[in-house]
């Protein structure tokens, strides 16, 4: 702990500032709370209990916790007004945790330590925005322990050897690398769950849209509910969406790590939206394949066997399951249209001319 003479000037300066303007609850920030805690420690070092600095610190702590949530854990420096802390707040979505840091004062003479502390802050932001539940709590507590250990190293009055600083910086960078590795594993697993949730929403949306369109066609046109065309269309639409869902589930369950990659840092809402689009794309691809088969642009099986509902269902499932197979089918349909021309008649092939002898 610093002696009283070295603390008197900064304590009096900040005390005057606090006395001139009492901030409203919304103006309280973590650096202000850290300064109040620093003044309180100086007051205790002078042998005074329950003084003005103690009251100011308690007042700011209450306001800070009302705004940011309960203070779960913290490390407070004793020689400088610096600290790191972790808060937890109950919201509509659940428990929200946040990492707070005010370390510029204690690390101003140690740029390497300051750089590692900055990495802790940026990694904590990524963890808070991407992860959730137990994985978020583990990662943030881990980051807090790492940052607290660094502050504990610089929070001393004695001279530190450069090799000691280099050694702890190297160890903490390695530890942050392990935290980031854990973050990537947890983020990928969480991203897959969110993506799958979006696919379930997409299946429900595809089902509602398909049911509504079929009902509208039955009401507005002469489309018969029991004829072959309606059954083929319904089977193609349904099995196209199911094929897309099964394709994603198969790649998720694959033992190969690169078979299904997600950029989980795009955000939960974006991942959920992308997952919801997957069944829609499968159903739309299957419907296009259905029209191509009905229009005789492509033929899956020779003869009349291609007119059964089973063939349409399998073709639609394959179109939703494999984008590559669907692209091949679309390419064949485009070539047929190009060969037939605008009037539907097949264009004659240009006669091959033999070179003059």
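The values are calculated or read from the model by the stated rules, or taken from the named source; none is laboratory data. These numbers come from a predicted model, not from an experiment. No Cβ is skipped: glycine too gets one built from the backbone with ideal geometry, and neighbour counts run over all protein chains shown.
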(request) Please state which one of 205, 196 is part of a helix (DSSP H, G or I), assigned by TED's automatic domain parsing to the domain that holds residue 276 and modelled with pLDDT of 90 or more. (result) 205
(message) When you check residue 175 against the structure, is it out of contact with any helix residue (DSSP H, G or I) (no Cβ under 9 Å at 6 or more places or on another chain), closer than 26 Å to residue 127 by Cα and not assigned by TED's automatic domain parsing to the domain that holds residue 294, yes or no?
(response) no
(request) Would you be able to tell me the number of residues in segment 259-307 that are in contact with a helix residue (DSSP H, G or I) (Cβ under 7 Å, 6 or more places away or on another chain), farther than 20 Å from residue 211 by Cβ and at pLDDT 85 or above? (result) 5
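So which of 140, 131, 144, 151 is over 29 Å from the mean Cα position of the chain (by Cα) and either at pLDDT below 90 or crowded, with 22+ Cβ neighbours inside 10 Å (or both)?
Selected residue: 151, the only one of 140, 131, 144, 151 that is over 29 Å from the mean Cα position of the chain (by Cα) and either at pLDDT below 90 or crowded, with 22+ Cβ neighbours inside 10 Å (or both).
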(message) I'm trying to understand the selection: among the residues of segment 112-128, which are closer than 19 Å to residue 271 by Cβ and either crowded, with 16+ Cβ neighbours inside 10 Å or in contact (Cβ under 8 Å) with a residue 40 or more places away in the chain (or both)?
(response) 126, 127, 128
(request) State yes or no: is residue 233 modelled with pLDDT of 80 or more, assigned to a helix (DSSP H, G or I) and more than 36 Å from the chain's Cα centre (by Cα)? (result) yes
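If I ask for residues that are touching a residue at least 12 places away in the same chain (Cβ under 8 Å) and either in contact with a strand residue (DSSP E or B) (Cβ under 9 Å, 6 or more places away or on another chain) or more than 18 Å from residue 74 (Cα to Cα) (or both), which ones from segment 134-149 would you list?
135, 136, 137, 140, 141, 143, 144, 147, 148, 149
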(request) Would you be able to tell me the number of residues in segment 315-330 that are within 18 Å of residue 249 (Cα to Cα) and at pLDDT 60 or above? (result) 8
